[in-house]
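Below is one structure, written out as structure tokens; comments come after it.
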Amino acid sequence: MLINPNTSTATTATMTAIARRSLGAALPVRGVTVSRGPRMLTDPEALRAAAPEVLAAGLRAAAEGACAALLVAAFGDPGLPTLRAAEGTAGIPVIGLGEAALLEAAAGGTPFGVATTTPLLADAIHARVTALGLADRYTGLRLTAGTPERLSADPPLLLDRLERAVRACADRDGARAVVIGGGPLGEAAEELRGRCRVRIVAPIPAACRAVAQALAG
């Protein structure tokens, strides 16, 4: 089950569609939107507010017995440690979008950067990279120009600004892989894979690969 930690049902539908394409028919995906909380996760307070809602949604799904794995579909992984450690999710893989994408980008010692739209989460992203033990491979963060709200409302502009950030990661910082930092940026991430020479790590497919690996193991 894919848990969208913001309250946008349209975002849930988009991310669920990407996850279904990534996993194929063998692993069906059900998307769930948290019942309350921020509409966009653009700052640390929004991440904190989303965490208990993620936990509640994950525990409900686990109690229903209808999910083989839980995917927290936000780059900041709100509620991930608590949900993973909860007694009600014992035996169920709990995967975070950000964790999966960062680990995949850094695999094999690859220098990697992050391109994203949320400047207020820059410190949280740096802290997450360090907590995962990836700081020695991290080339840094590049941010898009414009507010997350404005960019999300204008997909062509979002794609253009993200592409510029990706190119800065590669050309100025030396990244050989670039993570697109945001679950709602999933469609843009897929388009960028055909537009940029550097390897693009799209977070939803990366998390789906982590889900498949966890279930196979």
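Quick one: Debye curve from the alpha-carbon atoms of segment 111-217 only, equal weights, vacuum; give me log10 I(q)/I(0) at q = 0.12, 0.13, 0.24 Å⁻¹ to two decimals.
At q = 0.12, 0.13, 0.24 Å⁻¹ the computed log10 ratios are -0.39, -0.45, -1.38.
Please sort 141-150, 98-107 by packing, taking for each peptide the average over its residues of neighbouring beta carbons within 10 angstrom, highest first.
Listed from highest to lowest mean packing, they are 98-107, 141-150.
Ignoring ligands, DNA and RNA, what accessible area per residue does segment 99-182 give at 1.4 Å, in Å²?
44
For segment 93-136, what does the convex hull of the Cα positions come to per residue, in cubic angstrom?
It is 84 Å³ per residue.
Hey, can you rank 193-206, 173-186 by average C-beta count inside 10 Å, highest first? The partial results should precede the final answer.
Values: 193-206: 19.5, 173-186: 24.8.
So the peptides 193-206, 173-186, ranked by packing, come out 173-186, 193-206.
Cα centroid distance between segment 84-130 and segment 1-54, in Å?
Each part reduced to its Cα centre gives a spacing of 15 Å.
Diagonalise the Cα gyration tensor of segment 176-217 and give the resulting equivalent ellipsoid semi-axes, square root of 5 times each eigenvalue, largest first, whole Å.
21, 11, 8
So for Met1, Met40, what's the accessible-area order with a 1.4 Å probe, most first?
Ranked from most to least accessible, the order is Met40, Met1.
Take segment 21-64, drop everything but the C-alpha atoms, weight them equally and run the Debye formula without solvent; then report log10 I(q)/I(0) at 0.17, 0.23, 0.27, 0.29 Å⁻¹ to two decimals.
-0.62, -0.84, -0.93, -0.98
For helix 155-171, report the angle its Cα long axis makes with the longest principal axis of the Cα atoms of the chain; keep it between 0 and 90° and round to the nearest 10°.
Roughly 70 degrees between the two axes.
Once Lys and Arg get +1 and Asp and Glu get -1 on their Cβ, which of Gly24, Met40, Leu132 lies farthest toward the positive end of the dipole of segment 1-132?
Gly24
Give the average over all directions of the projected area of the C-alpha convex hull of segment 76-117, one decimal, in nm².
Orientation-averaged projected area of the Cα hull: 3.8 nm².
What do the square roots of 5 times the Cα gyration tensor eigenvalues come to for segment 4-162, in whole Å, largest first, as semi-axes of the equivalent ellipsoid?
Value: 25, 19, 16 Å, ordered largest first.
Report, to two decimal places, the Cα Rg of segment 116-169 normalised by 2.2 N^0.38 Å (N = number of residues). Kindly include the intermediate steps, with their values, before the conclusion.
Working: Rg = 12.4 Å, N = 54, 2.2 N^0.38 = 10.0 Å.
My calculation over the Cα atoms of segment 116-169 gives 1.24.
In what sequence, highest mean first, do 62-73, 20-31 appear when ranked by Cβ atoms within 10 angstrom?
Values: 62-73: 19.0, 20-31: 14.6.
The most tightly packed comes first, giving 62-73, 20-31.
For segment 1-98, what D do you get in µm² per second when you plug the Kirkwood radius from alpha-carbon pairs into Stokes-Einstein at 37 °C and 0.692 mPa s?
Calculated translational D: 249 µm²/s.
On the full set of protein chains, 1.4 Å probe, figure out the accessible area of Thr33 and give it in Å² to the nearest 10.
It works out to around 40 Å².
Can you list residues from other chains, or at least 5 along the same chain, whose modelled amide H is less than 5 Å from the amide H of Gly31?
For Gly31, the qualifying residues are Leu2.
Express the C-alpha Rg of segment 49-109 as a ratio against the empirical globular expectation 2.2 N^0.38 Å, rounded to two decimals. Kindly include the intermediate steps, with their values, before the conclusion.
Working: Rg = 12.0 Å, N = 61, 2.2 N^0.38 = 10.5 Å.
The value comes to 1.15.
The values are calculated or read from the model by the stated rules, or taken from the named source; none is laboratory data. Keep in mind the model is a prediction, meaning the values are calculated, not measured. Glycine gets a Cβ as well: all are built from the backbone with ideal geometry, and neighbour counts include every protein chain shown. Just so you know, the surface numbers come from the protein's heavy atoms only, side chains and all, with ligands and any DNA or RNA stripped out. Shrake-Rupley method; radii C 1.70, N 1.55, O 1.52, S 1.80 Å.
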